[in-house]
Structures are given as structure tokens and as C-alpha cells.
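One structure is given here, and the rest of the page talks about it.
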């Protein structure tokens, strides 16, 4: 299979819409990345500002609790310094405790317990003695005050913030001083400081000391999967997480008493202006560039399709219709097309109109030339018939048999030429001549079925002419060749063994590029010892030379078989217009 005959694979080329999407995507990509980066930075800055604002609010809200707890610790440390002296006089010890409680509205209880946890003296005249509850038992060796939240039976079981400070007489641990602050005092201070804040106080061991609202479950506002003890291990900081209710919140941790008490504040994520922003809005802010890209691509695609693509497709449809033979495109119009495309459509209509006019002029010129050419062939045919008639008159006027025979031979050749021109002016296509019809007419003129040879025998003529078309250039030598060969065959045809003489003429196509002409006539057995040249000669050898000349003009080969019972003339020649015909029939 040659390269020219192989089917060409169509190369994929993206359409205008796809190319537009790619170009716009590349153009918008830097803007999208910048937008995503800036959006992320804005969100990150907002989170940072929200955290800083929360940190500041927590610091301010916890200031009241810090003052109360700090004062309680200071009072406990002062009492711990006075306790070694006052512990020997119960009245003095009690007066000191009462003075401390009376000096601050935040204190509800102050007392001194020995090393066994027995309350020695208290501010509220509580009963003392060895049967006292062991809640006042302090850890031996502890040097610093400790802050706890517990229910004191001495205060009616009310929850209180207790500050305990160890008492030493020299290096000897002698007991513990206790200062109690009711939890309601701390809750009130925390709630009034920052109403929008969920605030909780906890100590370094992870125990909640107080919350902004004691009615709430303090654990519900704590961060999920985070231990308070872990939060106390760091300095002031912020983080974002989920509380036990499943809500996303910002958290802040602020030390109240360095290393001992911390404040935990939380609120929902805030805008810069303090407006709550849901988490899905933050996600939308990050996905906004993607949404804008999709909208831009969609609008651009719809716009290009409506302004360009549909009009280009309409133009392509016109071109296909025009290529298939449609010519009524002069009034075809685009639907609201841009000016540039309308100019292109107008140019296409102008082109089709000019091409149609040129085709019409070409057809008119071709028709005129065809008519003139047929007229030429018709006149040549008439002239040749006129010459044949004049020769016929000359034959009747000639008395010499030899002259009559020679004139008859020339007349046959003239009539063969006349038959060619008659077929040419009657043919629909002047570039091709039907060889079978042409040869049939020539044979009918030369040898009529039922004619007799020179010996008086009736002649039987058999023809086998395939439907073959040849060029006008080949029709002339082929017709003259058949006329010359048939005339010689009729002249020398003879009966064989009491059989009628016969003549067989055939024109066949052994293959698509070759034709074969075959002229065979019978021969008589009593023809004597004459040679074939003598027998086929017309006195001057002109017939043999003409046959050879016609074969040469056909670019063919001549093969003669001189057999006892028949004489064969075989001519094999190529079809001259075979390659041109293939070229004309090829698709453009």
C-alpha cells in the first residue's frame, strides 16, 4: 500500500472554546493564587487579631479575680507570719482572724489549724477541738501558699476558694493558716468584667477554681481533648479549638497568680469589628477565587459561543453547502453577528457570486466550443461523403478494372474517416469515442452480411466488439486499420471444404490497460503455391505498409498467423487515455 493511498489520520485540534478556557485559566491563575494568598492572610490576621482581642479581654476580665485571690494569698502569708505568736493565746488568735475577715468584704473565714488538722482558732467563733474535720490537714514540708476550691462545713457547706499558707516557728512546721473567699464573690467579679466572654479560673493542677457563671457546667466551655493541666504548663497564649458542645471557639490562657492560678477565656471566632463569622463563611472566602474562575469561564464560553462560534459554524455550513453544489447563498445572513464576522460573510457571498458567474461563463464558453467543434466534425463528415460521392462517379466513369479496384480502396478509407467524424459530432462527450459502435458501422459499410466474395460464395461475418471507449487520437488509426484489414480479408477470403467463407472481427480488453484487435478470415485449400505477401498485395504493397503504419501510430504490436485454413491478424495496443481517465476520476 503506497503512502498516497493510506488514509490520513486527522490530527486532533482543540476548538476555540477549549483554547479560550485554557488561555483564560492561565491568565486568571496568577490572580487566583494572589487572591487565595491574600484571603488566607486576611483570615490568618483576623484569627490573630481575634486571639489578641480575646487575650486582652481575658486579661481584663480576670483582673478582679486576680486582685481577690492575690489579696487572699497576701493575707494568708501575713497571718502565717503572725500565727507563731498568736497561737499560744486563743483569744488573741481569734481576734486577729476576726480583724482580717472584717477588713475585707471578700473574706468569709480565716483560721489556724495545727499539724494534726485541728482548728485552733477561727474568725467566726467556730468550735475548736480535736474532733475537728481533717480538711485542714496540710501537707508537711510545703512552703508556698496553695489555692483550692472546696466546700467548708464551717461556712454551711458553701463552695469557697481557700488559700492555705504553712506556719513555721523557726524551722519547725506548726500548722496552717486558712483564708476562705465565697465562690459567689469570684463569680460575680468574673461575670461583670466581661459578659460576652466564657471565663474560668483553674489552678496549676488542672482543678477549676471559679467560672463566670456558677450555674453553668464549667466543663462545657473547656476545650475538647485538652487537659487543663496541659494548658497551665504554658504562658499566656491563644489557640482555636472545639469545646465540649462541639462549637468552634477561640481560647486564651492568662496566668492570674504566677505558676499557680490561670484564667481561661473563650468566645466564637470574631470579625475585626467583633461580628461573629461562621466557619462556612471562612471556607467560602477561600473558595471564592475558584467560584470566580468558574463564573468567568462560563461567561466567557457563553459569550464566545454566541458572538463567534455559532457564526463560524454557520459559515462552515455555507461552505459545505456551496461545495456540494448549492448556489442560492447570495441571500444567506448571519444572526446578529459582530461586524468583523459580517464582513467575512459578505466576502464569502461575494466570492460565491463571482465563482458562480465564472462557472456560468465557463459553461457557456464550453458549450459554444462544443457546438463549434461538432459543427466542424459535421462539415468534415459531409465533405468526406462528398469526396466519396465524387469518387463513386469516377469509378462508374472508369473503364479499367484495376483503377476501379484502387478507387474502391480509397473510397473505403474515406468512408472510414467519415464514420469517425459522424460519431464525434453525435457523441455526448467529444473526448471519448465508442469503439464498438464505430467499428460496427465501418464493418457494415465494407462487408455486408450475406455478401459474396470474388468466387461467388456467400460471406458470413462474425463480430465480437466489447463496449470500449477510446480517445479521438486513437479512433482514426484504429478505424483505418480495421477498414484496411477487413478489405483485405474480404478480398482473400475463401471457402474451405464446401463450407461458406467466413470473416471474424473482434475488439476485446485483456486487461484494464490494453486492447486487442483480431481479424481472421477463412482460406481455400486450392489457393495454389502463392505466398502470403503476394496474396495480400494490392499491386503496390500499399495495404501492408498502411497496416504497419496504423499499428505504429497505436503504439501496438502486430502478430500475423498464416495457417492453411485461416489467416489471422492480431494487434495488441495500450489505451492511450487510461492514465488520464484515472486522474480525472480521482476525488479532489
Exercise. Has segment 298-306 got any residue that is over 19 Å from the mean Cα position of the chain (by Cα) and either within 17 Å of residue 345 (Cβ to Cβ) or surrounded by 13 or more Cβ atoms within 10 Å (Cβ to Cβ) (or both)?
Worked result: yes
For this session: Filter segment 43-69 down to residues that are without any contact (Cβ under 8 Å) to a residue 60 or more places away in the chain and within 24 Å of residue 287 (Cα to Cα), then give me how many there are.
Result: 3
For this session: State whether one or more residues within segment 234-255 are surrounded by 14 or more Cβ atoms within 10 Å (Cβ to Cβ), within 18 Å of residue 163 (Cβ to Cβ), touching a strand residue (DSSP E or B) at 6+ places or on another chain (Cβ under 7 Å) and modelled with pLDDT of 80 or more.
Result: yes
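Does residue 258 meet the test of being at pLDDT 80 or above and out of contact with any helix residue (DSSP H, G or I) (no Cβ under 6 Å at 6 or more places or on another chain)? Steps first, please.
Numbers: at pLDDT 80 or above: no; out of contact with any helix residue (DSSP H, G or I) (no Cβ under 6 Å at 6 or more places or on another chain): yes.
No.
Filter segment 238-266 down to the residues that are under 17 Å from residue 203 (Cβ atoms) and not in a strand (DSSP E or B) and list them by number.
Matches in segment 238-266: 258, 259, 260.
The values are calculated or read from the model by the stated rules, or taken from the named source; none is laboratory data. Computed from a predicted model, the values in this text were never measured in an experiment. With ideal geometry, Cβ positions are generated from the backbone for all residues, glycine too; neighbour counts draw on all protein chains shown.
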